[in-house]
Amino acid sequence: VLKAVCPKPFLNVLDGKRQSVPPVWLMRQAGRYLPEYRELRAKTESVLDLCFSPKLAAEVTLQPIRRFNFDAAILFSDILVIPHALGRRVRFVTGEGPQLDPISEPSIVAKMRDKADRTILAPIYETIALVKAKLPAQVGFLGFCGAPWTVATYMIAGEGTPDQAPARLFAYRYPESFAQLIDILVDASVEYLTTQFKAGVDAVQIFDTWAGVLPPDEFVRWSVVPTERIINGVRREHPGARVIGFPRGAGTMLENYVGALKLNAVGLDWMIDREFARECIQSRVAVQGNLDPLALVAGGAALDREVDAVLEAFSSGLFVFNLGHGILPQTPLEHVERMLKRVRGA
Ligand code: CP3
């Protein structure tokens, strides 16, 4: 029997086939470090408008592919479209990040809409179809959502905070209400990701940006278990659905995370001990990431040294080259070129 060979290196790694040159893409690659993004963004009111304008969002998704020939494109959207579709109005204030009406007590959760409004999310699925029609054959297409814990931190605080104290406090004070909020987010995320697959993405990433602020038991309860429920829900409809988990800051709790979840890959932040990650994590599942976004800002010898250290640690196993968190707006384009040359020439 002839087995079809997948021409997409990124998907090959997710499917357990090591690539001699690791595929590479960058978290937040469609964004403010690109002049062509800033130009297009200047013509729109807000990030949310951009997320809900299929033609523009498709264009922004493709911009980094054209410029850098990355091995994966990530859908241009935001994790906060889900609270928006749940009726919690989201505003992005330039320079200040997202703002939502905060959730100060359980009655607000009890009265909250318990299903995302499909009509609000419909333009995002249209974006997926537009991108899919234009994407080069070798480029993988990644959808995403925020993990319930991370999305809940923004919903409760009503803004970004450094240590997510409002959400942690709410979860201790009102565990039943918090569980109810997490349930709503699990259901909305299952439907959201399932529909993304239907529309044409090859894989999805679940961003748990604030996983690392939770103590270990709470991490299992609010990060691992809800993520597991999302994965199971999505695979009920799409059995082979490829999923990448990214619990930023999880440290040694990563062992629990990859042990409990059937992932195709796990994202590594830049803080993790590389030897631990290779021995205890990459031995069980493909890994993605790890380059410090600030090394990419710095460039030069520091960048070369960090790129080499990441490749040295992980390129002998299943590996997708990426940053340990999103690319920073002040990153010079030449540094991205330099990094790509080093990864692809290595
Ligand atoms: O290339 C891509 O990844 C584009 C798609 C994308 C965006 N946001 C667009 C965006 C993705 C995958 C995200 C994920 C996201 N959004 C996360 C998880 C990943 C991470 O970086 O931690 C989180 C926590 C958010 C919430 C969010 N959205 C914040 C806190 C902010 C403001 C500060 C910031 O990080 O930029 C946003 C706005 C946002 N989302 C921008 C973009 C390109 C910048 C807005 C602009 O154009 O002014």
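The values are calculated or read from the model by the stated rules, or taken from the named source; none is laboratory data. Computed from a predicted model, the values in this text were never measured in an experiment. Here the Cβ positions follow ideal geometry from the backbone for every residue, glycine too, while neighbour counts run over all protein chains shown. These area figures cover heavy atoms from the full protein model, side chains too; ligands, DNA and RNA do not enter into them. Shrake-Rupley method; radii C 1.70, N 1.55, O 1.52, S 1.80 Å.
Going by the conditions given, is residue 21 surrounded by fewer than 19 Cβ atoms within 10 Å (Cβ to Cβ), under 18 Å from residue 136 (Cβ atoms) and β-branched (Val, Ile, Thr)?
Spelling it out, residue 21 is indeed surrounded by fewer than 19 Cβ atoms within 10 Å (Cβ to Cβ), under 18 Å from residue 136 (Cβ atoms) and β-branched (Val, Ile, Thr).
In the list 187, 217, which residue meets the criterion of being touching a Gly at 6+ places or on another chain (Cβ under 9 Å), among the charged types (D, E, K, R) and in a helix (DSSP H, G or I)?
Details: 217 fails: touching a Gly at 6+ places or on another chain (Cβ under 9 Å).
Result of the check over 187, 217: 187.
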Test result for residue 23, more than 13 Å from the ligand (Cβ to nearest atom) and modelled with pLDDT of 95 or more: yes
Residues that are open to solvent by 20 Å² or more (accessible area, probe 1.4 Å), within 11 Å of the ligand (Cβ to nearest atom) and within 22 Å of residue 203 (Cα to Cα), drawn from region 29-83: 78, 79
Answer residue from region 111-125, given it is more than 16 Å from the ligand (Cβ to nearest atom) and closer than 17 Å to residue 53 by Cβ and is most open to solvent (accessible area, probe 1.4 Å) among those: 119
Boolean, residue 169 is open to solvent by 40 Å² or more (accessible area, probe 1.4 Å), of a type outside the set (Lys, Arg) and at pLDDT 95 or above: yes
Only one of 210, 222 that is under 18 Å from the mean Cα position of the chain (by Cα), within 22 Å of residue 254 (Cα to Cα) and open to solvent by less than 30 Å² (accessible area, probe 1.4 Å): 222
Contacts under 8 angstrom Cβ, first residue in region 53-78 being touching a residue at least 12 places away in the same chain (Cβ under 8 Å), partner among the charged types (D, E, K, R) and away from the ligand (no atom under 12 Å from the Cβ), 6 or more apart: 54/126; 58/134; 62/134; 63/36; 67/36; 68/337; 71/8
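Residue-by-condition table, conditions (1) more than 16 Å from the ligand (Cβ to nearest atom); (2) over 25 Å from residue 181 (Cα atoms); (3) without any contact (Cβ under 8 Å) to a residue 24 or more places away in the chain; (4) surrounded by 13 or more Cβ atoms within 10 Å (Cβ to Cβ):
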{"residue": "86", "(1), (2), (3), (4)": "no, no, no, yes"}
{"residue": "91", "(1), (2), (3), (4)": "no, no, no, yes"}
{"residue": "109", "(1), (2), (3), (4)": "yes, no, no, yes"}
{"residue": "128", "(1), (2), (3), (4)": "no, yes, no, yes"}
{"residue": "143", "(1), (2), (3), (4)": "no, no, no, yes"}
Enumeration of residues in region 251-271 that are open to solvent by 10 Å² or more (accessible area, probe 1.4 Å) and either touching a Leu at 6+ places or on another chain (Cβ under 7 Å) or of a type in the set (Gly, Ala, Ser) (or both): 251, 259, 260, 264, 270
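Only one residue in 179, 199, 188 is away from the ligand (no atom under 14 Å from the Cβ), small (Gly, Ala, Ser) and surrounded by 23 or more Cβ atoms within 10 Å (Cβ to Cβ). Which one?
Details: 179 fails: surrounded by 23 or more Cβ atoms within 10 Å (Cβ to Cβ); 199 fails: surrounded by 23 or more Cβ atoms within 10 Å (Cβ to Cβ).
After ruling out the rest, the residue left standing is 188.
For region 225-280, give me each residue that is polar (S, T, N, Q) and within 19 Å of the chain's Cα centre (by Cα).
Our first condition is that a residue be polar (S, T, N, Q); within region 225-280, this holds for 227, 232, 252, 256, 264.
Within region 225-280, 227, 232, 264 qualify.
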Residue check, residue 103 within 22 Å of residue 150 (Cα to Cα) and open to solvent by 20 Å² or more (accessible area, probe 1.4 Å): no
Hits in region 296-329 (condition: in contact (Cβ under 8 Å) with a residue 60 or more places away in the chain and charged (D, E, K, R)): none
Per-region count, region 109-144, residues within 22 Å of residue 264 (Cβ to Cβ), small (Gly, Ala, Ser) and out of contact with any strand residue (DSSP E or B) (no Cβ under 9 Å at 6 or more places or on another chain): 1
